[in-house]
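What follows is a set of notes on a single structure, which appears directly below.
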Amino acid sequence: MYPSSLDCDAQDGIITNGENSALSMGLRGHNFESNMSLAIRVKFNSIPDTYVEYFGNWEGAGGGLGLSENTHYFYFNQFSKSTNKYVPATSNKKAEPNKWYIVVGVLDGTRIKIYIDGKLEASTSFPAGGVLESPLDIIVGGNPEKDGSLYVPVPITTTNALVFNRALTTQEISNYFSKPNEPINYTATDALVNKTF
């Protein structure tokens, strides 16, 4: 479905080339309801001056991890069924190119949160009613379009991508997702996706 012209990185990661490649995590049309988490170890090989969406399944539904336009602040958003719009948690931390980060987005029913390198960066109230599920796969490396193409693709390197059908705890994030200079070592079997590249 999504093109897969990917390259290997010297640190054993996978590089999406920012033009026509992405990594599918599957989960097309999965209903996360009001609890979910996304986690990724990522390095931005370059950062365009537009907004960047690098891990998710946006299409007037779903959501994911991105960088805000021009400022490059990290955010995590999901599409609220009750308000019919995306609700973001946006940090004051800017992404820098060629630096490793571990970014975790958490929706725990009433709050949407973003953690970077194990630290809570932003937390926002999320309306009751849950997330409107996306009809698309969750992908790494861009924003999926219905026809299988990418919108605003971004060249990144990643070594790990995880998707959970629950909200990770602060303690779990501190234990497993706080060392950006090392690949993620999450060995429990409860993740819907636990992909190492």
- Note on the structure: When GLY118 is run through (1) within 24 Å of ASN194 (Cβ to Cβ); (2) buried (at least 19 other Cβ atoms within 10 Å of the Cβ), the failure sits at (2)
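For every residue, the table says whether it meets (1) open to solvent by 10 Å² or more (accessible area, probe 1.4 Å); (2) closer than 23 Å to ILE184 by Cα; (3) in a loop (DSSP other than H, G, I, E, B).
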site: LYS93; (1), (2), (3): yes, yes, no
site: ASN98; (1), (2), (3): yes, yes, yes
site: VAL103; (1), (2), (3): no, yes, no
site: ILE114; (1), (2), (3): no, yes, no
site: ALA122; (1), (2), (3): yes, yes, no
site: ALA128; (1), (2), (3): yes, no, yes
site: GLU133; (1), (2), (3): yes, no, yes
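Here's the yes/no breakdown for (1) without any contact (Cβ under 8 Å) to a residue 40 or more places away in the chain; (2) open to solvent by 70 Å² or more (accessible area, probe 1.4 Å); (3) over 15 Å from the mean Cα position of the chain (by Cα):
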| residue | (1), (2), (3) |
| --- | --- |
| LEU162 | no, no, no |
| ASN165 | no, yes, no |
| GLN171 | yes, yes, yes |
| PHE177 | no, no, no |
| GLU182 | yes, yes, yes |
| ASN185 | yes, yes, yes |
| VAL193 | no, no, no |
| PHE197 | no, no, yes |
- Query: Can you name the residue in region 6-30 that is assigned to a loop (DSSP other than H, G, I, E, B) and open to solvent by 60 Å² or more (accessible area, probe 1.4 Å) and, of all such residues, is modelled with the lowest pLDDT?
  - Reply: ALA10
- Looking for whichever is of a type in the set (S, T, N, Q) and either within 16 Å of the chain's Cα centre (by Cα) or modelled with pLDDT of 95 or more (or both) here; the options are THR83, THR71. Which one fits? THR83
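The values are calculated or read from the model by the stated rules, or taken from the named source; none is laboratory data. The shown structure was predicted, so the numbers you read here are calculated from the model rather than taken from an experiment. All Cβ positions, even for glycine, are placed from backbone atoms using ideal geometry, and neighbour counts span all protein chains on display. We work out accessible area using only protein heavy atoms, side chains counted, and drop any ligands, DNA or RNA first. Shrake-Rupley method; radii C 1.70, N 1.55, O 1.52, S 1.80 Å.
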